[in-house]
Amino acid sequence: MNSLRKKLFFIIGGMIGVAMLVILGYSMYSIRLDEKIVSQSHWYDLQVSMRFMEAFMEDIENMLLSDTKEDENMEKIIRGGEGIDWHMALIRKKREFGKEIKKYQFLDGMFLYDSKSRVFVSQVGDYVTFDMYSSIKENMVYITQYFEKGNIKNEWTAMELEEQYYLVRMIKVKTVYICAWMKPEHLLQGIENQGKSHTYFLLCDGRARVLTPLEGLGEIRIEGEQVFVDQERYRVYGYDSTRQNLSLKVLVKGSHRQEVFWYAAFPILGIVCMGIMILLLVWRLVRGVVFEPIDHMMLKKTLEQNKATLQFLQLQIKPHFLNNCLSLIRNLILFEQYEEAENAVLVLSDYTRASLRPDILVTVEREAEQVRSWYELQKLRLKNRIHVDIWLEDGVGKKQIPTMLLHTFAENAAKHFGREDGIIEIEIRAGFRKMDEQEKGMEITIKDNGAGFPEDVLLKLREGKEIVDRNGIKHIGITSIMKRLDILYEGAASIEICNRDNGGSEVRICLLSQPVNPAPGSDTVPAE
Amino acid sequence: MKKYITALCMMGILALGTLGAAVFGHSAELEYTKLVAAVPFTGIPREDVEMVQEKINEITQNELGITVEFPEFSTSGQYFEKAMLMLSTPEQLDIMMAGFGAFMDCYVDGKLLPLDRLLEQYGQDIARQVGEEQIHSCDIHGVLYGIPVNGDYTQQRNCYVMRKDILEKYGLDPYGIRTMEDLEHVFKTVREKEPEITVLSSGAEPGNTLLSANLDFLDTSSGISLTVCEEDGRLVSAFESEEYKSALQRVHQWYLKGYLNEDVFGVAEDVYSRVKRGELFAYTERKAAWSGEHENFKIGDMEMVRVSPEPSSLMHRGYASMPYVITSNSASPEASMKLLNLFYSNPEIENLLCYGVEGVHYKKTKDGHITHAQKEREDPFLWNNYNMPNQYISHVWEGNDLDFWEQVKTKNESAGKGPKMGFNFDYSSVAAEYARVMDIYHDYRWILESGLDNPEEGGKKMMDEMKSSGLDLIIREEQKQFDNWRKRNGKGE
């Protein structure tokens, strides 16, 4: 039985395990897939933004080149000479810069620096603070040197000035440097979703320097696919510009492992819960449909076996007693006590009819009746030398006990009285007794005034062994009773056999008021 | 089939319900007419303005069934740019303070509504409060387009704000500066003794040159005038006037003497920061006359004093310099006039506009003045009140006479008025020329009015360019309109 249950558990548990593995595998797979899609969509977004920036930067580049070509003001500036024309050229250039800055959304400033006259013409947009402007103005010479060294190439270049990054595009016409510049942060403002739901866009230059520091998040160094910002893990997707020396990155909060966990946690939890529920359901169903009927069947089988044993044991008693009775009746006939003999035959027939019943259990009343029949039979033989006293407590008579329980001991007492003279006195008492807290039990005592049990017999009885006398005859009555009690009460019945101090023996039987294993058919009393 | 019909019925009911709700919701919204009024609250925190807006709405809802909204750009530093931008769209903008030259620009763009009929019907209180002569200084071709604010129109021009510590250090008496020679003496001393410090810079507002505070026709707060009126009623180019020429000469001399250090070709830093850092000795300013001849105040830790070598209070372009107008983007000109009428006549609204919310921004003192409500925070509205419609009916700030506004009114009336006062030149017929000439001026002014170049050569070049761009045409047109205006108003002849 238990092995069947174990098997069932193993099968269902295994199924759940497999389902969990499948889900985990599927989760991993779909996350991988999802990740691919997400990364592609980020890549696409970044590409679009980057293309937009590239186009924008190229527009400015073109503007810068075309504005300086064949420009009257430029010529005047290069010519120099401090006059009103030169001044006006400068001021008009400044105005031109202002117009261009208004025209290009992210263009933050333009300046012109003539290395000959050291004049600096500049205009800035609304985004620019005075500090930015003055840091550019003050570092003008450095910027031009930087350019001359070839650090600023003929493309947009990131340049650091006083801990601020600027994207500059510079061209040189003779002695004049003209530059358009923008703040990378400003450029990123064109990207939607910046900073939303823990997604940050960053602009990096060719050397992977982050040009747009995140406010309040400190410095970020991007190496590889993951980055820690403020002790939080971020994933990094990037798109490198094909035309500018820039790359656009996006930081997305969270890691793969975390995502896998969250992705798989719920399905797995669900599966486990469902598995437990299925297990419980199966358990209940199996118990109702499979186990209980099997149990029942097994029980029935055992009981059938028990019954057979019981009947066999019961039957073993009968010839033994019958033999006694028949020899008694023969004696009566021999002594020509026909009346008694007739009476004895009647009582015997009563007695045998009762004992022929196949019942395993019998009411105390009926058993007492049986003992009385036996007593009548004995009286015929022993006249007044036998006296049986049966005392039943109120209500005990209706309780069931194994058949032949009282009778066996009464008969045993009479048989082993041990003396030829003297009155055989047998006292049978049956009453209720508390077994323990709940169980209501019965106590039956059978006392006699005979010789008592020999010590070796008592020992054997207590060990439950069969008793064989000197003549090699098996005395199976008491052991049979004991076996039956064992079967019927499963140890909840006890027989205490002892010799009394003032002679005779005492048998004390304690048993439940109901047998634990009611023998099949025991509750049906066949019609007499 | 039955199911489909039921579903259809349900959908129908739902749709009807939604429609009903929408109609109902809409009708609920229409309870009040909402007007949008661009009133400059320059630099005032938005939440303070919203507080004021809420209070004003309580009054206007009660009195007129109108709510008013001050648009987002009201607090912006670029009020006029953004207002003009808004006017170029069909977005609702009912009332607008069209100062700083925007009045004529708006008119030329056709963005102003004529107000005569509206004023007659809904603006009786305005007529009473402002006065006939003042109102009609906003006439263009004899038609009313704006309503002047009631405030201080007299100005003390050619003011110089100086660092007191340096003056004291070299024994220079600010109260002794009576002539330009006295002024130049001060500059000379500072230049010699403090060579590290820039002597003079142009005023606080970007776009101002050294002369902006000096000459009436260059006052950027009321729009630049290309002409000045001769005694005989003839209009001549302002840039050929002796006044302008001598001013340029003076500035050029200052430049040559090294008093000036303007970042003409770059971006000018505001003078307050420069003063705070100790890099600047003085700057020019144009100030309301009632500030007093010599005013002492602090910038950061620096003690400053304002002096003027010519302490005359003059009324320049006058009442039309900052009028309230009703724009062509108005949802309801009638309601707008009603609202303006309330603005000009309701002291509660006026005080809210001028000083903010009582108890939050300002509080009354025992003697009937008002002062800051909180010790730790200044009333953010305080220095913005000159933009508001009828300051005459507002409270008087602590430290002034209780009849302050009466005094202002009298001063306005008695102040010297130029011959062009009340005349508004409609340049729409010469718009292209006007724009070109203005551009030329705006380029040259930075060079000439900062003293960078010899004004004789530069001035001549500028005039040549202006003339070839049609300056004479503009002057002819202006003369024509000016003559008509004089005839209409019974002036001259």
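The values are calculated or read from the model by the stated rules, or taken from the named source; none is laboratory data. Computed from a prediction, not measured in an experiment: that's the story for all the values here. Here Cβ is always computed from backbone atoms with ideal geometry, including for glycine, and neighbour counts include all displayed protein chains.
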Next on the checklist: Looking at (1) farther than 20 Å from B:Q156 by Cα; (2) more than 14 Å from chain A (Cβ to nearest Cβ); (3) loosely packed, with under 15 Cβ neighbours inside 10 Å; (4) free of Cβ contacts under 8 Å to residues at least 60 places away in the same chain, which one does B:H442 not meet, given that it meets all the others?
Outcome noted: (2)
Checklist entry - Quick check: anything in region A:159-168 surrounded by fewer than 21 Cβ atoms within 10 Å (Cβ to Cβ), in contact with a strand residue (DSSP E or B) (Cβ under 6 Å, 6 or more places away or on another chain) and among the aromatic types (F, W, Y)? => result yes
Checklist entry - Given (1) assigned to a helix (DSSP H, G or I); (2) at pLDDT below 75, where does A:P358 come up short, assuming only one miss? => result (1)
Checklist outcome for this item: All-but-one check, A:L107 against (1) in contact with a His (Cβ under 7 Å, 6 or more places away or on another chain); (2) crowded, with 20+ Cβ neighbours inside 10 Å, failing number (1)
Checklist entry - Across region A:235-250, what is the total count of residues that are in contact with a helix residue (DSSP H, G or I) (Cβ under 9 Å, 6 or more places away or on another chain) and part of a loop (DSSP other than H, G, I, E, B)? => result 4
Checklist entry - Which one of these is over 20 Å from A:L488 (Cα atoms), in the same structural domain as A:S349 (by TED's automatic domain parsing) and assigned to a strand (DSSP E or B): A:W391, A:W374? => result A:W391
Checklist entry - When only residues in region B:162-208 that are of a type in the set (S, T, N, Q) and over 20 Å from B:D263 (Cα atoms) count, which is modelled with the lowest pLDDT? => result B:T179
Checklist entry - buried (at least 24 other Cβ atoms within 10 Å of the Cβ) and not in a helix (DSSP H, G or I) - does that describe any residue in region B:327-345? => result no
Next on the checklist: If I filter region B:416-437 for residues that are within 14 Å of chain A (Cβ to nearest Cβ) and either surrounded by 18 or more Cβ atoms within 10 Å (Cβ to Cβ) or within 22 Å of B:S246 (Cα to Cα) (or both), do I get at least one hit?
Outcome noted: yes
Checklist entry - Taking the condition touching an Asp or Glu at 6+ places or on another chain (Cβ under 8 Å), buried (at least 21 other Cβ atoms within 10 Å of the Cβ), in a helix (DSSP H, G or I) and away from chain A (no Cβ under 14 Å), does B:I447 pass? => result no
Next on the checklist: Given the condition away from chain B (no Cβ under 14 Å), buried (at least 16 other Cβ atoms within 10 Å of the Cβ) and in contact with an Asp or Glu (Cβ under 8 Å, 6 or more places away or on another chain), answer yes or no: does some residue in region A:11-24 qualify?
Outcome noted: no
Item to check | Residue satisfying all of: in region B:393-409; buried (at least 20 other Cβ atoms within 10 Å of the Cβ) and outside any loop (DSSP other than H, G, I, E, B); modelled with the highest pLDDT among these | outcome: B:W405
Item to check | Wholly within region A:90-168, strands (runs of 3 or more DSSP E) carrying at least 3 residues that are within 14 Å of chain B (Cβ to nearest Cβ) | outcome: A:109-114, A:119-124
Next on the checklist: Taking the conditions exactly as written (basic (K, R), away from chain B (no Cβ under 14 Å) and under 44 Å from the mean Cα position of the chain (by Cα)), does A:R79 satisfy them or not?
Outcome noted: no
Checklist entry - Within region B:467-481, can one find any residue that is at pLDDT below 90 and either within 14 Å of chain A (Cβ to nearest Cβ) or part of a loop (DSSP other than H, G, I, E, B) (or both)? => result no
Item to check | Filter result (among the hydrophobic types (A, V, I, L, M, F, W, C) and either assigned to a helix (DSSP H, G or I) or at pLDDT below 50 (or both)) within region B:20-52 | outcome: B:A21, B:A22, B:V23, B:F24, B:A28, B:L30, B:V49, B:M51, B:V52
Next on the checklist: Give me the residue from region B:252-281 that is in contact with a helix residue (DSSP H, G or I) (Cβ under 8 Å, 6 or more places away or on another chain) and of a type in the set (A, V, I, L, M, F, W, C) and, out of that set, farthest from the other protein chains (Cβ to nearest Cβ).
Outcome noted: B:F281
Checklist entry - So which residues in region A:13-61 are aromatic (F, W, Y) and closer than 16 Å to A:P267 by Cα, if there are any at all? => result A:Y26, A:Y29
Checklist entry - Restricting to region A:67-103, what's the tally of residues that are farther than 18 Å from A:S122 by Cα and buried (at least 19 other Cβ atoms within 10 Å of the Cβ)? => result 1
Checklist entry - Pairs under 6 Å by beta carbon, first residue farther than 18 Å from A:A341 by Cβ in region A:379-395, partner among the acidic types (D, E) and modelled with pLDDT of 85 or more, six or more apart or different chains? => result A:H387/A:E425; A:D389/A:E427
Item to check | Failed criterion for B:E63 (all others in (1) closer than 27 Å to B:G359 by Cβ; (2) at pLDDT below 90; (3) within 25 Å of the chain's Cα centre (by Cα); (4) part of a helix (DSSP H, G or I) hold) | outcome: (3)
Item to check | Qualifying position, being assigned to a helix (DSSP H, G or I), free of Cβ contacts under 8 Å to residues at least 24 places away in the same chain, under 26 Å from the mean Cα position of the chain (by Cα) and surrounded by fewer than 21 Cβ atoms within 10 Å (Cβ to Cβ), among B:E457, B:E413 | outcome: B:E413
